[in-house]
1. Could you list, in sequence order, all residues of region 1-39 that are out of contact with any strand residue (DSSP E or B) (no Cβ under 8 Å at 6 or more places or on another chain) and hydrophobic (A, V, I, L, M, F, W, C)?
2. Output the number of residues of region 94-132 satisfying the condition of being open to solvent by 50 Å² or more (accessible area, probe 1.4 Å), of a type in the set (A, V, I, L, M) and at pLDDT 80 or above.
3. For region 18-28, what are the residues that are open to solvent by 100 Å² or more (accessible area, probe 1.4 Å) and over 15 Å from residue 54 (Cα atoms)?
4. What residue, among those in region 159-195 that are open to solvent by 60 Å² or more (accessible area, probe 1.4 Å) and under 21 Å from residue 140 (Cβ atoms), is farthest from the chain's Cα centre (by Cα)?
5. Could you grab me the full set of residues in region 39-67 that are open to solvent by 40 Å² or more (accessible area, probe 1.4 Å) and either in contact with a Ser or Thr (Cβ under 6 Å, 6 or more places away or on another chain) or at pLDDT 95 or above (or both)?
6. Residues being of a type in the set (Asp, Glu), within 29 Å of residue 118 (Cα to Cα) and not in a helix (DSSP H, G or I): count how many of those fall in region 161-215.
7. Here are some residues: 173, 135, 190. Which one is in contact with a Leu (Cβ under 7 Å, 6 or more places away or on another chain) and either at pLDDT 90 or above or not aliphatic (A, V, I, L, M) (or both)?
8. Among what's in region 68-87 and is more than 14 Å from the chain's Cα centre (by Cα) and surrounded by 12 or more Cβ atoms within 10 Å (Cβ to Cβ), pick the residue that is modelled with the highest pLDDT.
Amino acid sequence: MSRFDQQYELWIHTNILNEKNPRRLEILNKGLGHGTVEFLRSVWFPAIGHFNDLHPEWEVRDFNNGYRYLDLAYMPGDARGGIEIQGYGPHARDLDIRRFKDLCRRHCLLALDGWTFLPIAYPSIVEEPKQCQQLILSFVGRFVATDVPASLSWLEAEAVRFARRLLRPITPLELAAHLRISDRHTRRILHKLVELQILDIASGEQRARTYKLRL
């Protein structure tokens, strides 16, 4: 059994064991959808490495006093982040006007209730897992300071966190402004992170212009 399978089974078992809500318990006992499991296997677990603060089939109330369920809720501390896996068939090709309006209303209600909502297309999970991993690192970075190697200095660690929070390659100039250090010092930090195989050069041959997180 792979490490993912071991951690996944323990995570699901723990959620079922601790759940007192009969509605959510019934959903959990049925098992998660294929798209959610593939997202966890190909995107979340490779990027984050654990399931801490992640809750499957999380129940939320809507303004009509009904119940809705998020595929995944990420809630470190008081933060509230929602992730939903959007299958192409039910969410795009076959979406009628009523369901389309309901989907938009649902997203609005979550936003008004303080949720940061992240829809992930299932085709992207299958075809572009690395891009999805970068997206998840940025998503998680909005709520917590994600782990970095303990051997890094404070500036090096903050450079890694800064790269994780963005969805694009970073330039030495903007990192220097963020860290409030000189361009020369910034480039030394970036070069070291490349040598440590934490960052890659994204563009530039003779002189690197942008850098990106290695996945």
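The values are calculated or read from the model by the stated rules, or taken from the named source; none is laboratory data. Model, not experiment: these values are computed from the prediction. With ideal geometry, Cβ positions are generated from the backbone for all residues, glycine too; neighbour counts draw on all protein chains shown. Side chains included, ligands, DNA and RNA excluded: accessible areas come from the protein's heavy atoms. Shrake-Rupley method; radii C 1.70, N 1.55, O 1.52, S 1.80 Å.
1. Passing the criteria: 1, 4, 10, 16, 17, 25, 37.
2. 1
3. 20, 26, listed by residue number.
4. Result: 178.
5. 41, 55
6. Count: 1.
7. 190
8. If we take residues in region 68-87 being more than 14 Å from the chain's Cα centre (by Cα) and surrounded by 12 or more Cβ atoms within 10 Å (Cβ to Cβ), then 70 is modelled with the highest pLDDT.
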